[in-house]
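Step one of this worksheet: look at the structure below.
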Amino acid sequence: MLSVARRWWHDFVSLFFPEVCVVCGRRLVAGEEAVCLVCDCGMPRTGFHLDADNQLYYRLICRHPLERAAAMMHYSRHSPYSSVIITAKYHGRPEIARIVGRRYAAEMAPCGFFSGVDALVPVPMHWWKKARRGYNQAEVVAEGVSEATGIPVIHDAMRAARHATQTRKDAAGRMANARRIYSVCNPALLEGKHIMLVDDVITTGATITACCEAIHKSVGNCRVSVLALAATVSG
Ligand SMILES: [Zn+2]
């Protein structure tokens, strides 16, 4: 009964505030969520989860041991698809990260990408930054993945120190900065597990590498894989 009422309320609200595709702006129809079917078909998917030796895996493994790595789509700031990441991150629409994360996980699951993974660990955000934004988009992506796979999310194993933004630094500056930021605050939660680090977008890989280093420094026996919604193409 409650779900019927919720559906009616959703339809009523949609009359006045129609939901639109985050990529093209076209009004969504029944069955579409966040991204319309046309844009979903045209999404620049990486297919990384189908190739264990993909370019993202190699980009990260050359810095630190890793089990698997994949990202849903190629990321470019100039692509209309960047609005999936930007709207979820900066425009107060975390549900987009959840929906797309859930969809990607459902696509990946049949190929065994999640096989043996014990837990999802979102890349942490400093508590003050999270309080200002209202959410950590990496946590929301992880929750979407969890909804599709049933793999639990561990929220409080890692923490991030307060820091200057990474976005205006070069690659070397980002790596040095990232090493100072991330740490494991509860190693017992990760001990003996195969965990999957989850983030919204991977650019230089400095953040993921710093998290891997922090985990392996603090936890003796922990295997790490990586999942993101998007990754820049390596040059
Ligand atoms: Zn669209």
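Tabulated data for the structure shown
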read-out	value
Extension gain from residue 52 to residue 30, taking 0.36 nm per residue of separation minus the Cα-Cα distance	4.4 nm
Cα long-axis angle, helix 171-181 against the chain (0 to 90 degrees, to the nearest 10)	80 degrees
Principal-axis tilt of helix 94-108 within the chain, Cα atoms, nearest 10 degrees	70 degrees
Residue 163 versus residue 111: modelled label distance in nm, points set 7 Å from Cα along the beta carbon direction	3.0 nm
Degrees, to the nearest 10: 206-218 long Cα axis against longest axis of the chain	50 degrees
Label-reachable residues, the range 142-157, where backbone N falls under 16 Å from a point 7 Å from residue 67's Cα toward its Cβ	146, 149-154
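Computed from the coordinates by the stated procedures, all read-outs in this text should not be read as laboratory data. Just so it is clear, the model here is predicted, and its values are computed rather than measured. Cβ: placed from backbone, ideal geometry, glycine included. Neighbour counts: every protein chain shown.
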